[in-house]
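Notes follow once the structure below has been shown.
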């Protein structure tokens, strides 16, 4: 039923997009060059049919094949525990930021199952794996920067101990998003936190670069950077 998915992906290959995507992922050498919009269309189609068969039999030799698998998991309709079983298996396959972030953005079911999903991702914050940590942090910044969770968010970010570049950049991204949504609590956090120097500096940089922060506030952030 899904034997021709690989052929379909190669038919959709865009050489210019392949070059662009490869430039963003210099350590990934198996990119076909299929745009995300096309992958999402295919994933949604599979999710409406026998997606379990697809997940059991699909290949993941190419970047897009793995991306597609992750999207199908995000789009499929099933009991939350069954879905999280597939998520748990997939997370171990993540080896770059693009797969990670697109995977997380598909999980709209999180909004209906916030407590269960939070409990699920909690252990990943303290993983030794760079991309398992990034997975948890990107889930956090996508779905948990709200009134109910913000204090837990700060506590979690403060206690992550992973030196992976992409894990720390995800933390910085999360801090900057916290600042956009909750400027005062995040400013207090920036003045009293346990972030390592690199992550703290990148957090300030991302806030300063944000188009959603006014000039006066950016000057205050720059003062923190200069301390």
> Given Cα pairs under 8 Å that are at least 6 residues apart, what percent is the relative contact order of segment 108-227?
Replying inline: 21
> In nm, to one decimal, how far is the residue 205 label point from the residue 77 one, both placed 7 Å along Cα→Cβ?
Replying inline: 4.5
> Could you give the angle, 0 to 90 degrees to the nearest 10, between helix 36-47's Cα long axis and the longest principal axis of the Cα atoms of the chain?
Replying inline: 60
> Most mobile of 63, 20, 179 per a Gaussian network model of the chain (Cα springs, under 10 Å)?
Replying inline: 20
>> Test of understanding: ordering 155, 218 by Cβ neighbours within 10 Å, fewest first, what list do you get?
In response: 155, 218
> How many angstrom separate the Cα center of segment 51-67 from the Cα center of segment 90-155?
Replying inline: 22
> Computed FRET efficiency, Cβ-Cβ of residue 13 and residue 44, R0 25 Å: what is it to the nearest 0.05?
Replying inline: 0.80
> Of 110, 216, 60, which has the largest mean-square fluctuation in a 10 Å C-alpha GNM of the chain?
Replying inline: 216
> In a Debye calculation with equal point scatterers on the alpha-carbon sites of segment 108-227 and no solvent, what is log10 I(q)/I(0) at q = 0.10, 0.11, 0.16 Å⁻¹?
Replying inline: -0.28, -0.34, -0.71
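Counting each DSSP H run of 4 or more residues in the chain as -39500 (n - 2.57), what helix-only mean residue ellipticity at 222 nm follows after dividing by all residues, to the nearest 500 deg cm²/dmol?
-20000 deg cm²/dmol
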> What residues from segment 61-91 fall in the zone where the backbone N is under 13 Å from a label point 7 Å along the Cα-to-C-beta line of residue 28?
Replying inline: 61-71
> Spin-label point model (7 Å from Cα, Cβ direction): what's the residue 115 to residue 161 distance in nm?
Replying inline: 3.1
>> Once you order the gyration tensor axes a ≥ b ≥ c over the Cα atoms, which shape class does segment 67-171 get: rounded for a/c under 1.5, otherwise prolate or oblate by comparing a/b with b/c?
In response: oblate
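Rule-based calculations on the coordinates, nothing more; no lab input. Note that the structure is predicted; figures quoted are calculated from it, not measured. Please note: Cβ atoms are built from the backbone with ideal geometry, for glycine as well, and neighbour counts cover all protein chains shown.
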